[in-house]
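Please treat every number below as a calculation from the coordinates, not as lab data. Just so we're clear, the structure is a prediction, and the values are computed from it rather than from any experiment. As a convention, Cβ positions derive from the backbone with ideal geometry for all residues, glycine included, and neighbour counts pool all protein chains shown.
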Amino acid sequence: MTSATGPTHRRVGCVWWDDRVPDTQPAPGPVPLVVDTDPGIDDALALLLALASPEVDLRLVTTVHGNVDLAQTTENALRVLHLAGRSDVPVAVGARSSLAVPQARRAGHVHGAAGLGGVVLPPSPAAVDPRPAVVALAELLLSSERPVTVAAIGPLTNIALLLAVYPDAAARIGRLVVMGGSATRGGNVTAAAEFNVWADPEAAAVVFAAGLPTVLVGLDVTLPTVLTEAGIARFAAAGPVGAQAAAMLQQYLDHARTSYGTDGVVVHDALALTEAIVPGTLRTVPRDVVVDTGPGAGRGQTLVDRRTPSSSPTAVAVAEGVDSDAAVEFLVNRLERLAAQG
Ligand code: RIB
Ligand code: CA
């Protein structure tokens, strides 16, 4: 094990091990999972992927502002869980706005005004959890007998608030898998910034400096990972859940063609969930990551120090390599299986 001030990562072959993650073998059975999310089309796919994966037990969904307003992200989370027959999963409502500066604009032009590509899913019979998201998350972390994986696939406002209000609970996070940032691929909402970090740069800065066992799944690995129409057609044909997922993706497909020139969709959040479900899916390197929280053109940029792997206690495992074909096949296969369950 490493000392408190010693390196936090060690290289074993071509893999970097994060020594902050308990190296005791987890007890058998699915890993407790929380998804913090701003549905969002790719968020919806990521939630369905989590529900299709026996490796994890989705214990809580926390919602955050982002792609669309908080009320809509929350309603969308409830409806996606209901679509998959899992309205039993609690949904706790989180932050309505960024920590310091309100987000300049939403992403309705990408995800549709209501956030699910124009698809209206049946309403869920479930009500939201009465606890605020940070309370629900803290109680889960403090009561769980096993390390909990938290997948944060929207702006990091809720995670920053957890660190501020319940630091002891935050310290119990087993793995924090973040969809966000960019080391080498510039931005997708501005020339410099990826959307989740841009939406709340101050929150991202707090989270990346906290020393949590964090994996950063940024544009470097999500942009090359393209879900084609052929893949979409496979789960669309497998059953009603797949058909609804495919319907949501149509708008995303059009946006991807015009924005990225790709013949398919970049399902950013689903790749982050794949890493959360199967640790080591992505090749990561410990890096020092800082966020530009200034008011200028670089606001929300993640500045990743790639000169050398970091031995800092606050190093972030930045995803720098991906087998995109394998990741897409994993997603399609899991969604096919979920859809086939009816
Ligand atoms: O940059 C991609 C991220 O921004 C994804 O999480 C997508 O859902 C949007 O929130
Ligand atoms: Ca998202």
In the neighbourhood of Leu162 defined by beta carbon distances under 12 Å, the net charge of the other residues (Lys, Arg +1; Asp, Glu -1) is -2
Integer Hz, Karplus 6.51/-1.76/1.60 couplings in order for the range 86-94, x for Gly and Pro:
10, 6, 6, 6, x, 10, 10, 8, x
Using only helices, what value at 222 nm comes out for the chain when you add -39,500 (n - 2.57) per DSSP H run of length 4 or more and divide by the total residues, to the nearest 500 deg cm²/dmol?
-10500 deg cm²/dmol
When the convex hull of its Cα atoms is projected in every direction, mean area for the range 76-211 (nm²):
9.3
Counting sequence-distant residues (5 or more places) and residues on other chains, those with an amide H built under 5 Å from that of Thr62 are Val35, Asp36, Thr37, Ala92
Just flag the trypsin sites (Lys or Arg not before Pro) in the range 72-139 sitting in loop per DSSP whose Cβ has no more than 16 other Cβ atoms within 10 Å.
Arg96, Arg105
At each listed q (0.06, 0.09, 0.14 Å⁻¹), what is the log10 of I(q)/I(0) that the Debye formula gives for the chain modelled as equal alpha-carbon point scatterers?
-0.18, -0.41, -1.09
Taking the dipole of the range 138-269 about the Cα centre (Lys, Arg +1; Asp, Glu -1; charges at Cβ), the one of Ala170, Ala210, Gln244 that reaches farthest to the positive side is Gln244
Tell me, how many Å apart are the Cα centres for the range 100-149 and for the range 261-307?
20
With θ taken as phi - 60° and the coefficients 6.51, -1.76 and 1.60, list the Karplus ³J(HN,Hα) couplings across the range 182-199 in order, rounded to whole Hz; mark glycine and proline as x.
6, 8, 10, 10, x, x, 10, 10, 9, 4, 9, 10, 7, 4, 4, 6, 4, 5
Percent antiparallel among DSSP beta bridges with both residues in the chain, to the nearest 5?
40
For the chain, the helices passing both cut-offs (Cα extent along own axis of 18 Å or more, Kyte-Doolittle mean at least -1.0, full DSSP H runs) are 70-83, 240-260, 324-340
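Residues with beta-carbon under 14 Å from that of Ala247, excluding Ala247: net charge, scoring Lys, Arg +1 and Asp, Glu -1?
-1
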How big is the charge dipole of the chain about its Cα centre, in debye rounded to the nearest 20, if each Lys and Arg gets +1 on its Cβ and each Asp and Glu gets -1 on its Cβ?
180
Work through the residues other than Phe195 whose Cβ is under 14 Å from its Cβ and net out their charges, Lys, Arg +1 and Asp, Glu -1.
-2
